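Participant: This is the structure, below, for whatever I ask next.
The values are calculated or read from the model by the stated rules, or taken from the named source; none is laboratory data. Every value quoted in this text rests on a predicted model; they were computed, and no experiment measured them. Here the Cβ positions follow ideal geometry from the backbone for every residue, glycine too, while neighbour counts run over all protein chains shown.
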Amino acid sequence: MIRALAGRQHGVVARAQLVAAGVPAHAIDHRVRDGRLARLYRGVYLVAGPIRGRYEREMAAVLACGEGALLSHRSAAAVWMLLPPAGGERIEEVSVRGGYRVPGPSVRVHRVARLDRADRTVAHGIPITTPARTIVDITATASARELEQALAKALREGLTDRQEVARVIADAPRRRGLATLRALLEAGAAPAFTRSEAEERFLALVRRGRLGAPQTNVVVRGIEVDFIWRSARLIVEIDGLAFHGSPAAVERDRRRDRVLTAAGYRVMRVTWSQIRDEPEVLLVHLAQAMVSATPSRAARPGVAG
């Protein structure tokens with residue numbers, strides 16, 4: 001029974017759960033002494049053996065904070081894959097309403113005034129804040145670009161929508177950093193989502209050069225493209241850190257380019273070395289490509305495409 005419970009909770013169980021399930025206290029203590037239950041926090045154990053889960057740390061932190069606790073903030077954002085997992089010494093973030101005990105230095109507890117039912121859900125078996133609530137929670141610590149990326153990915157993956165995020169904002173009007181999130185929601189263009197360091201650097205370069213806001217990672221004629229200025233009929237494809245040099249990759253890229261060109265788009269391929277070593281030259285070439293687009297449909301540099 002203990003293993004069955006742990007198997008649903010990433011290998012982690014709480015003492016209160018075991019007692020409620022009918023396991024005598026002396027049986028729990030005996031298993032702790034002989035190593036079959038390893039203490040993670042007060043009253044929270046990792047079951048010895050092959051049972052392991054991807055989110056045992058997160059599950060343990062929630063259990064350690066008591067009934068009603070939710071994984072939240074950047075820890076929740078990592079589970080929803082809205083932000084990358086924290087590097088270095090990890091601290092799990094948990095939100096609770098009302099009284100709580102601090103499990104230890106590896107858990108940061110946020111005591112919140114409100115934790116509506118609409119803001120609660122379960123992911124991978126872990127009680128967690130919804131994606132919309134998570135995005136609002138990280139506004140105080142996330143950079144503007146991290147916030148944009150998190151919102152873009154949540155919208156793209158269908159994890160939430162603008163209306164739900166706006167509802168959560170309305171419930172927390174005084175939270176630090178909300179002005180940036182409001183601006184992203186109210187902007188005419190969709191927040192930009194990128195999938196690699198090369199794409200991220202290219203987007204920063206475009207914004208620095210004020211060449212207008214491209215759409216990112218959208219599908220055109222059945223092909224997902226990296227960047228597109230629709231009014232200029234210009235598509236930019238990023239070749240990434242390694243050049244697509246294999247014969248199969250080159251032929252695949254040529255087929256993609258032929259389809260897009262036949263649809264009336266100009267395709268410009270950009271390499272990692274151009275972004276890293278020649279950003280100013282690349283910016284000039286990009287501006288020239290936009291200017292040389294079909295006059296009736298081209299967007300001037302500085303005007304959103």
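Participant: Please specify each residue of the stretch 27-46 satisfying the condition of being in a loop (DSSP other than H, G, I, E, B) and touching a residue at least 40 places away in the same chain (Cβ under 8 Å). Reasoning before the result, please.
Facilitator: Restricting attention to the stretch 27-46, the residues satisfying the condition of being in a loop (DSSP other than H, G, I, E, B) are 34-36, 42-43.
Matches in the stretch 27-46: Arg42 only.
Participant: Looking at this structure, is Ala86 surrounded by 23 or more Cβ atoms within 10 Å (Cβ to Cβ) and either within 30 Å of the chain's Cα centre (by Cα) or under 15 Å from Ile126 (Cβ atoms) (or both)? Before the answer, list the steps.
Facilitator: Numbers: surrounded by 23 or more Cβ atoms within 10 Å (Cβ to Cβ): no; either within 30 Å of the chain's Cα centre (by Cα) or under 15 Å from Ile126 (Cβ atoms) (or both): yes.
So Ala86 fails the test.
Yes or no, residue by residue, for (1) farther than 24 Å from Glu199 by Cβ; (2) crowded, with 22+ Cβ neighbours inside 10 Å:
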residue	(1), (2)
Ala132	yes, yes
Ala150	no, yes
Leu155	no, no
Arg167	yes, no
Ala172	yes, no
Arg175	yes, no
Ala179	yes, no
Arg182	yes, no
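Participant: Follow-up question, since we're still on this one. Could you pull out every one of the strands (runs of 3 or more DSSP E) wholly within the stretch 69-181 that has 3 or more residues that are in contact with a helix residue (DSSP H, G or I) (Cβ under 7 Å, 6 or more places away or on another chain)? First the steps, then the outcome.
Facilitator: Working: elements: 92-96, 107-111, 120-123, 126-129.
In the stretch 69-181, the matching strands (runs of 3 or more DSSP E) lie at 92-96, 126-129.
Participant: May I pose another question? If you go through the stretch 112-122 one residue at a time, how many are exposed (fewer than 12 other Cβ atoms within 10 Å of the Cβ) and within 20 Å of Ala14 (Cβ to Cβ)?
Facilitator: So in the stretch 112-122, the residues exposed (fewer than 12 other Cβ atoms within 10 Å of the Cβ) come out as 113-114, 117, 122.
Add one more test, that the residue is within 20 Å of Ala14 (Cβ to Cβ), and what stays is 122.
Looking only at that region, the number is 1.
Participant: Still on this structure, please answer the following. Write out, first by first residue and then by second, each pair whose Cβ atoms fall under 8 Å of each other, whose residues are 6+ apart or on separate chains, and whose first residue, in the stretch 150-174, is in the same structural domain as Ala132 (by TED's automatic domain parsing) and in contact (Cβ under 8 Å) with a residue 60 or more places away in the chain while the second is small (Gly, Ala, Ser) and assigned to a helix (DSSP H, G or I).
Facilitator: Pairs that qualify, where the first residue is in the same structural domain as Ala132 (by TED's automatic domain parsing) and in contact (Cβ under 8 Å) with a residue 60 or more places away in the chain and the partner is small (Gly, Ala, Ser) and assigned to a helix (DSSP H, G or I), are Ala150/Ala77; Ala154/Ala132.
Participant: Looking only at the stretch 186-203, which residues are among the aliphatic types (A, V, I, L, M), surrounded by 14 or more Cβ atoms within 10 Å (Cβ to Cβ) and without any contact (Cβ under 8 Å) to a residue 40 or more places away in the chain? Spell out how you get there, then give the answer.
Facilitator: Within the stretch 186-203, the first condition is being among the aliphatic types (A, V, I, L, M), and the residues that meet it are 187, 189-190, 192, 198, 203.
Narrowing further to those that are surrounded by 14 or more Cβ atoms within 10 Å (Cβ to Cβ): 190, 192, 198, 203.
Matches in the stretch 186-203: Ala190, Leu203.
Participant: Still on this model: So, of the residues in the stretch 49-80 that are closer than 25 Å to Ala150 by Cα and of a type in the set (D, E, K, R), which turns out to be surrounded by the fewest Cβ atoms within 10 Å (Cβ to Cβ)?
Facilitator: Arg54
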